[in-house]
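A.B. asks: Let me begin by handing over the structure; questions about it come next.
The values are calculated or read from the model by the stated rules, or taken from the named source; none is laboratory data. Because the structure is a prediction, the values reported are computed rather than measured. With ideal geometry, Cβ positions are generated from the backbone for all residues, glycine too; neighbour counts draw on all protein chains shown. Please note that ligands, DNA and RNA were not included when accessible areas were found on the heavy atoms of the full protein model with its side chains. Shrake-Rupley method; radii C 1.70, N 1.55, O 1.52, S 1.80 Å.
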Amino acid sequence: MVVSKHNLLYLYATFIFLIFVLIFRIYLNYISDIPLHFDEAQYWGWSKNLEWGYYSKPPMLAWLIRLNNYYCGETEFCIRLSTPILYFISSIFVFLSVKILTKSNLSSGFGATVFNLMPGITFSTFISNTDVPLIFFSSLFSFIFLKIYTSKSTSYFNYIFLGIVFGLGFLSKYAMTYLLFSIFIISLLFTGIKEKFLNKNSLIFFLTFLLIIIPHLFWNYNNGFVTFNHTAENTNFKHINLNFKEPFLFLFSQFIVFGIYPFYLILRLTVKLKSLDEQNIVLLIFFLTPILLISILSLFSRANANWAAVSFPFGCILLSNIFYSKGFLKKRSLSIISQISLSLLIIILIFYGKNFGFDPFTKIRHGKELAKYVSLELKAIENVAFMADDREDFALMLYYVKDFKGKRVKWNGDIKVDDHYELTTDANKLANNNILFLTRTMPTQEMLDRVTSYKLLKSFQIINKSKVKNYNLYLFKKWKAK
């Protein structure tokens, strides 16, 4: 009975702590003055026109932002509101996943806490990005997978549910497919898993998954498979140039995003692989497979630190399962202390880093100031449309000059589609309009051949610490269709 009471106490303590972190993160987002990243502004723009796909990403994040905007509004805070909430729910699924394996609220609470306080997640709380729904569906996937894995008999419903979650994760970010590689590997290693996942049930899983993503596939078909092509281009296989430094940089970055001490502990487990039982080997493979695949990919291309985020829930579940024994109290404590320390350091740098000459958002603080220049000129010109030749600037002006109701176009100087705006806007539709053109350089001859006259309205600099951005605003008279 005493053990049961303690077990219940750990449950309450974990839930209260996670709720506190959730409220604290929402509050920090509310009081912060972090402007939108240009990618966030682009995602917001996508949310104004819901589709089953977009140029560079699947549609899930745009759908989430649309939901945020409907219930909350269109401020930076509202656009990011779902981020801490989804991370909170993801922590609950990590808790439940560990509970399946250990039946211990203490171990489950440890896993959920290590996950929730990961440095990468703490930083990501202040940004709306595709990793948020990806990690959410990955954590839910881990829960359903472990239910199937540990059950003697499993209903078809669990495989249908697993297919739905996998499909929604795929619609969040294609990195969800790394989990399929993990399932394939563990099915080869363990007969019991092969019997559960490489049989008629796997057909149910795949058919459900395909039903979920068919509209996205159809959208890509109608748009020249732009999302798939863009993802393939990021691998850079067309221009193979081996860079052995990148894999080491990527592996080092995992210490930063996952947590220095927890990631170190997992690396130590890989050395002691032979001493691990089946459960822990399965979890280790789920965690390491995406990291190893991206490390190989980084030989040919750059690899961002967050590209293995789909594996994060499995790493936390693994540590919790390994440290189920009371003998690991010291390592559990050091893991929590490490995560708390790094999370607090990140928050301090975000809010007070400017005082020490370090601002992680230096590159994106120009958006509001740039919008003031653009808005002032737009109001002074009759029958005006807006055009920019840079995706980042165009996306930011869509959001920060959203009161402008005129036509907007991203200039495309060649026939190749290089971003979402070149896919969805057309300069020919600005015929007979005057155009305010924003550029960091100057107009091309092709532009000048399409106007009756032009003039430079304003040249200016936006300076933020050591970052200097030069801009020019031109007025084009009577734009001609081509």
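A.B. asks: Go through the stretch 463-482 and report how many residues are surrounded by fewer than 16 Cβ atoms within 10 Å (Cβ to Cβ) and assigned to a strand (DSSP E or B).
C.D. replies: Adding up the residues that qualify gives 6.
A.B. asks: Please give the number of the condition E446 fails out of (1) free of Cβ contacts under 8 Å to residues at least 60 places away in the same chain; (2) in a helix (DSSP H, G or I); (3) under 30 Å from G120 (Cα atoms); (4) not aliphatic (A, V, I, L, M).
C.D. replies: Result: E446 fails condition (3) only.
A.B. asks: Let me ask another. Which of the residues spanning the stretch 429-443 are part of a helix (DSSP H, G or I) and open to solvent by less than 60 Å² (accessible area, probe 1.4 Å)?
C.D. replies: L430
A.B. asks: Let me ask something else. Among the candidates N158, N129, N105, N116, which residue alone is out of contact with any strand residue (DSSP E or B) (no Cβ under 6 Å at 6 or more places or on another chain), among the polar types (S, T, N, Q) and without any contact (Cβ under 8 Å) to a residue 24 or more places away in the chain?
C.D. replies: N158
A.B. asks: For residues that are of a type in the set (F, W, Y) and open to solvent by less than 10 Å² (accessible area, probe 1.4 Å), scanning just the stretch 140-184, find the one that is farthest from I92 (Cα to Cα).
C.D. replies: Only one residue tops the list, namely Y159.
A.B. asks: Would you confirm whether or not the stretch 317-334 contains a residue that is small (G, A, S) and not in a helix (DSSP H, G or I)?
C.D. replies: Within the stretch 317-334, one or more residues are small (G, A, S) and not in a helix (DSSP H, G or I).
A.B. asks: I'd like to verify a number: residues in the stretch 369-408 that are open to solvent by 60 Å² or more (accessible area, probe 1.4 Å), touching a Leu at 6+ places or on another chain (Cβ under 7 Å) and not in a helix (DSSP H, G or I), how many?
C.D. replies: 1
A.B. asks: Give the residues of the stretch 210-226 that are in contact with a Phe, Trp or Tyr (Cβ under 8 Å, 6 or more places away or on another chain) and open to solvent by 80 Å² or more (accessible area, probe 1.4 Å), sorted by residue number.
C.D. replies: F218
A.B. asks: Given the structure, is I121 of a type in the set (A, V, I, L, M), open to solvent by less than 10 Å² (accessible area, probe 1.4 Å) and at pLDDT 95 or above?
C.D. replies: yes
A.B. asks: Quick one: would you say K478 is more than 19 Å from V374 (Cβ to Cβ), basic (K, R) and in contact (Cβ under 8 Å) with a residue 24 or more places away in the chain?
C.D. replies: So K478 passes the test.
A.B. asks: Can you tell me how many residues within the stretch 80-118 are of a type in the set (F, W, Y) and open to solvent by 10 Å² or more (accessible area, probe 1.4 Å)?
C.D. replies: Summing the residues that are of a type in the set (F, W, Y) and open to solvent by 10 Å² or more (accessible area, probe 1.4 Å) in the stretch 80-118 gives 4.
A.B. asks: While we're looking at this one, here's another question. With respect to the numbered conditions (1) surrounded by 14 or more Cβ atoms within 10 Å (Cβ to Cβ); (2) modelled with pLDDT of 95 or more; (3) under 22 Å from the mean Cα position of the chain (by Cα), which one is the sole condition not fulfilled by I23?
C.D. replies: The failed condition is (1).
A.B. asks: Report whether or not N355 is more than 23 Å from F93 (Cα to Cα) and open to solvent by 40 Å² or more (accessible area, probe 1.4 Å).
C.D. replies: Yes, satisfied.
A.B. asks: Here is a further query. Which residue, of F141, F184, F157, is of a type outside the set (D, E, K, R), assigned to a helix (DSSP H, G or I) and at pLDDT 95 or above?
C.D. replies: Testing whether each residue is of a type outside the set (D, E, K, R), assigned to a helix (DSSP H, G or I) and at pLDDT 95 or above leaves just F141.
A.B. asks: Can S343 be described as more than 30 Å from F184 (Cβ to Cβ), surrounded by 17 or more Cβ atoms within 10 Å (Cβ to Cβ) and among the hydroxyl-bearing types (S, T, Y)? Explain how you work it out, then say what you get.
C.D. replies: On the way: more than 30 Å from F184 (Cβ to Cβ): yes; surrounded by 17 or more Cβ atoms within 10 Å (Cβ to Cβ): yes; among the hydroxyl-bearing types (S, T, Y): yes.
So S343 passes the test.
A.B. asks: In addition: Please work out which one of (1) surrounded by fewer than 19 Cβ atoms within 10 Å (Cβ to Cβ); (2) modelled with pLDDT of 95 or more is the condition K200 fails and give its number.
C.D. replies: Unmet for K200, out of (1) surrounded by fewer than 19 Cβ atoms within 10 Å (Cβ to Cβ); (2) modelled with pLDDT of 95 or more: (2).
A.B. asks: Something else about it: Condition first: hydroxyl-bearing (S, T, Y) and farther than 19 Å from V374 by Cβ. Now tell me which residues in the stretch 404-425 satisfy that.
C.D. replies: Listed by number, the list holds a single entry, T424.
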